[in-house]
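Note sheet for the following structure.
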Amino acid sequence: MSISNYAELKILEHTTGKTAWTIPTNVYVKLHTADAGEAGTTAAATETTRKVAAWATAASGSIATSATLEWTNVAATETYSHWSLWDASTAGNCLWTGALSSSAAVTAGDTFQITTLTLSLD
């Protein structure tokens, strides 16, 4: 997992009192077919719909989604292996990237789910 450069700077400035970071109204999950890179722009899946993630309360250095994310009728036959988090449903700023616990091959028209996505800091 990797926090984006954008989010790193926002966290640093917020934590040190330089500039307050207004939290995103929603955080969206985007799918990737390989490592998304720190900017979240590499290997984007053909399925471009970003799903809103709901989050449980953070505890013990981690936070997890509180509901299953579901893409119905995916756009293409491909293998999803990574994800990225964004502060907007389109465009916006990448916040975080990471790998799925296992890659998933999908066929165009399938439904794909992420049952839990966990972020951690140590």
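Taking every C-alpha pair closer than 8 Å and separated by at least 6 residues, the mean separation divided by the residue count of the chain gives a relative contact order of 30 percent.
Of Thr25, Thr41, which has the most accessible area with a 1.4 Å probe, and how do the rest follow in descending order?
On the way: Thr25 130, Thr41 100 Å².
Result, largest first: Thr25, Thr41.
Distance between the pseudo-spin-label points of Trp55 and Asn26 (7 Å out from Cα toward the beta carbon): 1.6 nm.
In order along segment 61-69, the phi-based Karplus estimate (6.51 cos²θ - 1.76 cosθ + 1.60, θ = phi - 60°) of 3J(HN,Hα) comes to x, 9, 9, 10, 5, 9, 8, 5, 8 Hz; Gly and Pro are listed as x.
Computed over neighbours whose Cβ is under 11 Å from that of Thr97, the net charge equals -1, Lys and Arg +1, Asp and Glu -1. Taking 0.36 nm per residue of separation and subtracting the Cα-Cα distance, full extension of the segment from Ala34 to Asn73 would add 12.0 nm. Listed values for segment 113-122 are Karplus-derived 3J(HN,Hα) couplings in whole Hz (6.51 cos²θ - 1.76 cosθ + 1.60, θ = phi - 60°), namely 10, 10, 7, 8, 10, 10, 10, 9, 10, 9, and x replaces Gly and Pro.
Contact order, relative form, for segment 1-48: 31 percent (alpha carbon pairs under 8 Å, 6 or more residues apart, mean separation divided by residue count). Electrostatic bookkeeping for Thr42 treats Lys and Arg as +1 and Asp and Glu as -1; over the other residues with beta carbon under 14 Å from its beta carbon, the sum is -1. Ser62 to Thr116: extension gain in nm, 0.36 nm per residue of separation minus the Cα-Cα distance? Here the segment from Ser62 to Thr116 would lengthen by 18.2 nm.
Just the protein heavy atoms count here, and of the accessible area of the chain at 1.4 Å, carbon and sulfur take up 51 percent. Working from Cα pairs under 8 Å separated by at least six residues, relative contact order for segment 15-74 is 25 percent.
Using just the helices of the chain, give the 222 nm mean residue ellipticity in deg cm²/dmol: DSSP H runs with n ≥ 4 each add -39,500 (n - 2.57), and the total is spread over all residues, rounded to 500. Write down the numbers at each step before the final one.
On the way: 1 runs with 11 residues, N = 122.
So the calculated ellipticity at 222 nm is -2500 deg cm²/dmol.
The values are calculated or read from the model by the stated rules, or taken from the named source; none is laboratory data. Since we're looking at a predicted model, the values are computed, not measured. A quick note on method: Cβ atoms are made from the backbone with ideal geometry, for glycine too, and the neighbour counts reach across all protein chains shown. These accessible areas exclude ligands, DNA and RNA; they are computed on the full protein's heavy atoms, side chains included. Shrake-Rupley method; radii C 1.70, N 1.55, O 1.52, S 1.80 Å.
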